[in-house]
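Report on one structure; see the data block that follows.
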Amino acid sequence: MPTVDQTITYLEMRSPDELLPGHPPPEPMELERVGPELVELVRETIERVGAPHHWTTPRGRSPRHWRRRLSRPDVLVWLAHVRGEVAGVIELEVHRGGDVEITVFGLVPDFVGKGFGGPLLTEAVRLAWGARVSGRPATTRVWLHTSSLDHPHALGNYQRRGFRVFRSEDRPRPI
């Protein structure tokens, strides 16, 4: 399988006060919390978001894996809708110790470059700071990672929202 070199950048936010909200979306955007009942739509949306960036993980997951993942209480998923169309996805994973990871974030190609990325990321961060799972402490850190193969504005968008780099590494990615 061919590979391409990439840099993975890990970013974090240690306080909700560090969030620098993006501008309002150019059109109304609604978020819908979803679970295993919409597993196919979630899978399809994540694949659409990741296809231009050669995401491999979503394609490698079986339908059974998707249902199990979306049934977990520590995995929280929202679909963003604009004019009734699915525009993007947010997936959070609540870890032990107060960490919340934004595991999936992005817009489907039809909505990229139209002013929805900053507002959607702002909402993702707010949801992460408010994420609660029974028996786990309140959120003390929100973190994520991005690849140099992701959208060229991804890293800048994260930093403009207040995320700070805490680690980076170079590694090959199969394409």
query = Taking a probe of 1.4 angstrom, what is the accessible area of SER62 in Å², to the nearest 10?
reply = 50
query = Percent antiparallel among DSSP beta bridges with both residues in the stretch 23-140, to the nearest 5?
reply = 100
query = Can you work out the FRET efficiency for the pair ARG171 and LEU20, with r the C-beta to C-beta distance and R0 = 35 Å, to the nearest 0.05?
reply = 0.75
query = Say the dipole of the chain comes from +1 at the beta carbon of Lys and Arg and -1 at that of Asp and Glu; which of ALA138, PRO16, GLY162 then lies farthest toward its positive end?
reply = ALA138
query = Where nothing but the Cβ of Lys and Arg (+1) and of Asp and Glu (-1) is charged, how large is the charge dipole of the stretch 67-175 around its Cα centre, in debye to the nearest 20?
reply = 280
query = Can you give the accessible area per residue of the chain, in Å², using a 1.4 Å probe?
reply = 51
query = Relative contact order for the stretch 65-122 using alpha-carbon pairs under 8 Å, separation at least 6, rounded to a whole percent?
reply = 23
request  = Ignoring everything but the protein chains, give the 1.4 Å probe accessible area of ASP99 in square angstrom, nearest 10.
outcome  = 40
task = Calculate the radius of gyration of the Cα atoms of the chain to one decimal place, then report Dmax, the largest Cα-Cα distance, as a whole number, both in Å.
result = 15.5, 44
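The values are calculated or read from the model by the stated rules, or taken from the named source; none is laboratory data. Since the structure is predicted, the reported quantities are computational estimates derived from the model, not experimental observations. Methodologically, a virtual Cβ is constructed for each residue, glycine included, from the backbone with ideal geometry; neighbour enumeration extends over all protein chains shown. Surface areas here come from the heavy atoms of the whole protein model, side chains and all, with no ligands, DNA or RNA. Shrake-Rupley method; radii C 1.70, N 1.55, O 1.52, S 1.80 Å.
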